[in-house]
Amino acid sequence: MDDQDFWRCAADHLVRYGGPFTPRIIERAAGSHVHDSDGNAILDFTSGQMSALLGHAHPDVVRAAGEAVANLGHLYSGMLSRPVVELGRRLAATLPDPLSRMLLLSTGAESNEAAIKMAKLHTGGWEVIAFDRSWHGMTSGAAAATFSAGRRGYGPPVPGNLTLPTPDAYRSPFRHADGSYDWESELDYGFRLVDQQSTGNFAACVVEPILSSGGIIELPAGYLAKLREHCDRRGMLLVLDEAQTGLGRTGTMYAFERDGVVPDLLTLSKTLGAGIPVAAVLTSPEIEQSCHERGFLFFTTHVSDPLAASVALAVLDVLERDELVPRAARLGKELRSRLLDLHDRYEVVGDVRGRGLLQGIELVTDKASKTPADDLGRAVTAACLERGLHVNIVQLPGMGGIFRIAPPLTIEEADLHEGVDRLESALRAVVGGPPSTAR
């Protein structure tokens with residue numbers, strides 16, 4: 001099938017499920033690069049769909065998956081295997097008390113779905129709070145707690161979902177007299193609105209420590225602790241969705257470690273499988289026991305699959321053996337320094353934010369007005385691809401100028417800097433600018 005036939009068949013037979021497809025036919029991937037049908041190597045600055053934590057085709061992951069498929073890949077959902085129990089033990093060892101009980105699943109939406117159901121069953125409530133730029137998945141409960149996109153045209157979502165204002169330090173109107181961001185007043189105001197709308201049946205507050213699809217929005221230091229207080233006061237559980245921030249990407253094993261706040265439920269996916277569908281929910285013995293006594297049901301086809309557990313165990317092994325968590329912290333500092341340099345030298349780079357190897361820049365028409373620059377974002381994205389760099393913009397109205405940068409934790413230092421060089425080259429091609437400081 002030649003390229004023309006490929007695209008014709010794609011148009012004839014595939015359902016379109018989001019933005020436009022990248023105009024390249026990808027043939028293979030290895031390490032930090034994907035390779036198209038013309039033989040071009042494309043530096044992958046998004047780890048696939050923010051998931052290939054160890055790069056593509058990591059030999060340890062390949063080996064673990066191959067051995068599992070050959071020996072013990074899938075079982076009746078009521079059967080247990082050694083890899084699943086061992087993964088529960090290993091994950092618990094990486095987490096503070098009381099997060100010691102694991103439910104092994106396949107996708108991030110599924111893990112958030114399960115966490116929301118557990119929160120409702122444990123509390124007896126049914127109201128769920130999420131940020132107004134949240135993204136927690138496309139299944140019914142997770143989609144009802146997703147407010148950044150996809151809410152129109154499908155009828156009523158699951159009832160009882162309420163929003164808090166996303167703590168966007170760059171754009172929030174909540175300011176102290178000196179112009180600095182007043183996130184505490186914003187959070188208190190958000191809960192006043194929530195309380196006015198609530199029927200008093202709170203179950204959970206579901207948030208990401210760094211909103212990724214919402215525009216790389218990092219929760220301010222102290223925010224999680226204050227959020228925890230609000231949740232406890234209302235008898236609801238705190239659920240942290242660390243699909244993209246978990247397992248070292250932010251420079252700590254889990255992003256919530258920075259704040260010293262332990263959630264009631266933690267959901268993992270994406271990074272846990274390093275590109276293979278693996279997800280998990282972690283919670284306390286108390287919540288697990290309560291849900292069990294009340295008949296918790298989440299009996300899915302691939303729950304507790306040994307293949308998923310074997311892959312996740314391999315990921316944990318590589319993270320520990322190769323000391324990738326501190327490496328992500330170190331490379332994250334280098335990445336941030338390069339991005340801040342772009343911010344200083346380019347009028348259209350309005351903001352730099354994120355942590356470790358999950359960072360982003362927001363393009364604007366100019367720094368004074370902060371006007372969103374969706375068209376500019378699309379043009380720079382295309383120019384990056386022409387230069388052999390894949391970066392992902394947030395494909396939501398008004399956020400099309402926000403670039404998400406999340407290379408594999410295994411990326412070579414030279415490739416990290418090369419990626420930023422290509423990003424700057426694309427910026428200069430589209431808007432012009434000062435001389436490059438490419439290394």
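Prolate is the label for region 23-69. Its Cα gyration tensor axes, ordered a ≥ b ≥ c, give a/c of at least 1.5 and a/b above b/c.
How about region 273-350: which chymotrypsin sites (Phe, Trp or Tyr not before Pro) there are in a DSSP loop, with at most 11 other Cβ atoms within 10 Å of their Cβ? Walk me through the intermediate numbers first.
Values: sites: Phe296, Phe298, Phe299, Tyr346; in loops: Phe296, Phe298, Phe299, Tyr346.
Here the chymotrypsin sites (Phe, Trp or Tyr not before Pro) that fit, given the DSSP loop and packing criteria, are Phe299.
Between the listed residues Ser310, Met1, Ser134, the Cα displaced farthest toward the positive end of the dipole of the chain, a dipole computed from Cβ unit charges relative to the Cα centre, is found at Ser134.
Using the rule -39500 (n - 2.57) for each DSSP H run of four or more residues, divided by the residues of the chain, the 222 nm mean residue ellipticity is -12000 deg cm²/dmol.
The heavy atoms of Asp97 offer some 140 square angstrom of accessible surface to a 1.4 angstrom probe. DSSP finds beta bridges in the chain, and of those with both partners inside it, around 65 percent are antiparallel. From the Cα gyration tensor of region 175-267, with a ≥ b ≥ c the square roots of its eigenvalues, which class applies: rounded if a/c is under 1.5, or else prolate if a/b is larger than b/c, or else oblate? Judged from the Cα gyration tensor, region 175-267 comes out oblate (a/c at least 1.5, b/c at or above a/b).
Mind running the shape call on region 286-343? Use the C-alpha gyration tensor, a ≥ b ≥ c as the square roots of the eigenvalues: rounded below 1.5 for a/c, prolate if a/b tops b/c, oblate otherwise. Don't skip to the end; give the middle numbers.
Values: a/c = 3.27, a/b = 2.17, b/c = 1.51.
Prolate, since a/c reaches 1.5 and a/b exceeds b/c.
Using a 1.4 Å probe, what is the accessible area per residue for region 314-428, in Å²?
Working: 4170 Å² over 115 residues.
Roughly 36 Å² per residue, with all protein chains present.
For Trp183, the solvent-accessible surface with a 1.4 Å probe is about 40 Å², rounded to the nearest 10.
Inter-part distance, region 334-361 to region 197-232, computed on C-alpha centroids, equals 25 Å. Just to be sure I understand: with springs between alpha-carbon atoms less than 10 Å apart, which residue in Asn40, Asn112, Asn392 has the highest mean-square fluctuation in the Gaussian network model of the chain? Highest fluctuation among the options: Asn40.
Residue separation times 0.36 nm, minus the C-alpha to C-alpha distance between His74 and Ala368: what's the value?
On the way: separation 294, 0.36 × 294 = 105.84 nm, distance 5.61 nm.
Working it through step by step, the gained length comes to 100.2 nm.
Straight Cα distances below 24 angstrom link Lys270 to the lysines Lys117, Lys333, with same-chain residues fewer than 8 positions distant left out.
The charge dipole of region 68-159, taken about the Cα centre with unit charges on the Cβ atoms of Lys, Arg (+1) and Asp, Glu (-1), comes to about 60 debye, rounded to the nearest 20. Considering only Ala274, Ala92, Ala406, the Gaussian network model of the chain with Cα springs below 10 Å gives its largest mean-square fluctuation to Ala92.
Note on region 130-156 and region 284-315: Cα centroid distance 24 Å, given to the nearest whole angstrom. Whenever you get a sec, compute what percent of the accessible area on region 174-241 sits on carbon and sulfur atoms (1.4 Å probe). It is 46 percent, rounded to a whole number.
For the set Asp232, Asp415, the ranking by accessible area, highest first and with no ligand, DNA or RNA atoms included, is Asp232, Asp415 under a 1.4 Å probe.
Restricting region 1-44 to trypsin sites (Lys or Arg not before Pro) that sit in a DSSP loop and have at most 16 other Cβ atoms within 10 Å of their own Cβ leaves Arg16, Arg24. Taking every protein chain into account, the 1.4 Å probe leaves Thr381 with about 30 Å² of accessible area, to the nearest ten.
The values are calculated or read from the model by the stated rules, or taken from the named source; none is laboratory data. The structure presented is a predicted model; accordingly, all values stated were derived computationally and were not measured. So basically every Cβ, Gly included, is an ideal-geometry build from the backbone, and we count neighbours across all protein chains shown. SASA here: full protein model, heavy atoms, side chains in, ligands and nucleic acids out. Shrake-Rupley method; radii C 1.70, N 1.55, O 1.52, S 1.80 Å.
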